[in-house]
1. Quick check on my filter: what residues within the range 285-308 are among the hydroxyl-bearing types (Ser, Thr, Tyr) and either modelled with pLDDT of 95 or more or crowded, with 18+ Cβ neighbours inside 10 Å (or both)?
2. Given the structure, is Asn232 within 30 Å of Ile249 (Cα to Cα) and surrounded by fewer than 17 Cβ atoms within 10 Å (Cβ to Cβ)?
3. Cβ contacts < 9 Å: first residue among the charged types (D, E, K, R), restricted to the range 244-264; second residue in a loop (DSSP other than H, G, I, E, B), any location; separation 6+ or different chain. Result?
4. Where residues in the range 76-94 are touching a Gly at 6+ places or on another chain (Cβ under 9 Å) and of a type outside the set (Phe, Trp, Tyr), which of them is surrounded by the fewest Cβ atoms within 10 Å (Cβ to Cβ)?
5. What are the pairs, 6+ residues apart or on separate chains, where a residue within the range 330-356 that is under 14 Å from Phe259 (Cβ atoms) has its Cβ under 6 Å from a residue that is surrounded by 15 or more Cβ atoms within 10 Å (Cβ to Cβ) and of a type in the set (A, V, I, L, M)?
6. Taking the range 246-261 as the region of interest, how many residues are outside any helix (DSSP H, G or I) and acidic (Asp, Glu)?
7. Any residue that is exposed (fewer than 15 other Cβ atoms within 10 Å of the Cβ), touching an Asp or Glu at 6+ places or on another chain (Cβ under 8 Å), in contact (Cβ under 8 Å) with a residue 24 or more places away in the chain and of a type in the set (A, V, I, L, M) - is there at least one of those in the range 121-136?
Amino acid sequence: MTTLEKQNCLYVGIDVHKDTHTAVGVSPFGEKLFEVTIGNYKSDFLALENEVKKHSGILSPFFGLEDVRGYGERLAEHLYQSFPVYHVPSILVDRLRQNATHPEKSDSLDALGVAKVMIQSIDTLLPYTISEEGEKAKQLKEISIDREDLILERTRLKNQVHTLLYRIFNNEYAKVFKDPFSLKALAHWSKSKPKCDPFLLKTMKRKVKRIRDLHYEITDLEKDMDRLLKENYTIQTASGCGVVLASTIIGEIGDIQRFNSPGALSKYAGCSPRERSSGKKTRHVKTRSGNRRLNCAFHRIALSQISRMGNEKARVYFKRKVSEGKSKSQALVCLRRQMVNIVWNMMKYKTVYRNA
């Protein structure tokens, strides 16, 4: 966006909540033009549009929301039909507030902060889009997060059942099954009738039943992931990238058209090193910013690539970086950056992974 175009914009920042949304309109020069609080119904959204049109004049309205997937999803979808909508990361608004002379927090100040971030950084903000690919990615993200929650619940229950089995069977339970949480073992524990406290036994069987239910729920979610991936994507064909990792990556990326280059995706994922230079000294350090779930997924793929069952070319690349003087951690960062390039191209052009 050129400077002239920015000078003809009305920046509307919206602080999103469950029941109400607070909107603040700001001129290109930072002057607050209006403030309005609306509900979360279509009639309220239309009232917001009328308020914006009343103050916009010759200015073109641009909307910014901190949350476009949760409480703000319905509002973002409505505004997208008529206006450009941007996702403004809450961390940018928080940084702006912390740098103020007297940092204060309210719905009005948060909405004003969103608008000011748009004035300063609209060229770097990701636009909100509604596309078929974005909707499929959203489905994968929701399934992936649901699976993670169930995995955490299952792990917690397993730890509790370990203790209960020890109290009921002593160390003997570990000798009966190699994996005390296999389906066969769980069926055995649920039918066993040892002489012990009946309430303790009942508690153990109840938790075992829940672990079995979680196993089937997680398996069902993974089948849904696999079906969505096979119908729409190819990145699961990459070595070291299974169904779960592929779903996490696609869910966090969304519509790949939002990123015009692998570099843009790498920066979003926090896989690009941050420059920290001074005077004649030039150096780059690992960044802690970016989408951490996406960053973690790329890190796990890179680890899989250099494993014994991984990719020979990736291991050669990794060893070459180490021989150039980089530490193993730095070499892994370089490999992770290469995986971003590969994933971007596979999603952009719908290509299958080629190991050659």
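The values are calculated or read from the model by the stated rules, or taken from the named source; none is laboratory data. Given the structure is predicted, the values throughout are model-derived calculations rather than measurements. Positions of Cβ are generated from backbone atoms using ideal geometry, with glycine treated the same way; all protein chains shown enter the neighbour counts.
1. The initial filter retains those residues of the range 285-308 that are among the hydroxyl-bearing types (Ser, Thr, Tyr), namely 287, 289, 304, 307.
Listed by number, the list holds a single entry, Ser304.
2. yes
3. Glu252/Asn291; Asp255/Thr129; Asp255/Ile130; Asp255/Ser131; Arg258/Thr129
4. Initial filter on the range 76-94 (touching a Gly at 6+ places or on another chain (Cβ under 9 Å)): 85-88, 92-94.
With the extra rule that they be of a type outside the set (Phe, Trp, Tyr), the set shrinks to 85, 87-88, 92-94.
Values: Val85: 24, His87: 19, Val88: 25, Leu92: 19, Val93: 24, Asp94: 15.
Going through the qualifying residues, I end up with Asp94.
5. That search, which allows pairs on different chains as well, returns Val340/Leu265; Val343/Ile235; Trp344/Leu265; Met346/Ile235; Met347/Ile256; Lys348/Ile256.
6. Adding up the residues that qualify gives 1.
7. Yes: the range 121-136 contains one or more residues that are exposed (fewer than 15 other Cβ atoms within 10 Å of the Cβ), touching an Asp or Glu at 6+ places or on another chain (Cβ under 8 Å), in contact (Cβ under 8 Å) with a residue 24 or more places away in the chain and of a type in the set (A, V, I, L, M).
Residue-by-condition table, conditions (1) in contact with a helix residue (DSSP H, G or I) (Cβ under 6 Å, 6 or more places away or on another chain); (2) modelled with pLDDT of 90 or more; (3) not assigned by TED's automatic domain parsing to the domain that holds Phe29:
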| site | (1), (2), (3) |
| --- | --- |
| Gly72 | no, yes, no |
| His87 | no, yes, no |
| Asn99 | no, no, no |
| His102 | no, no, no |
| Thr155 | no, yes, yes |
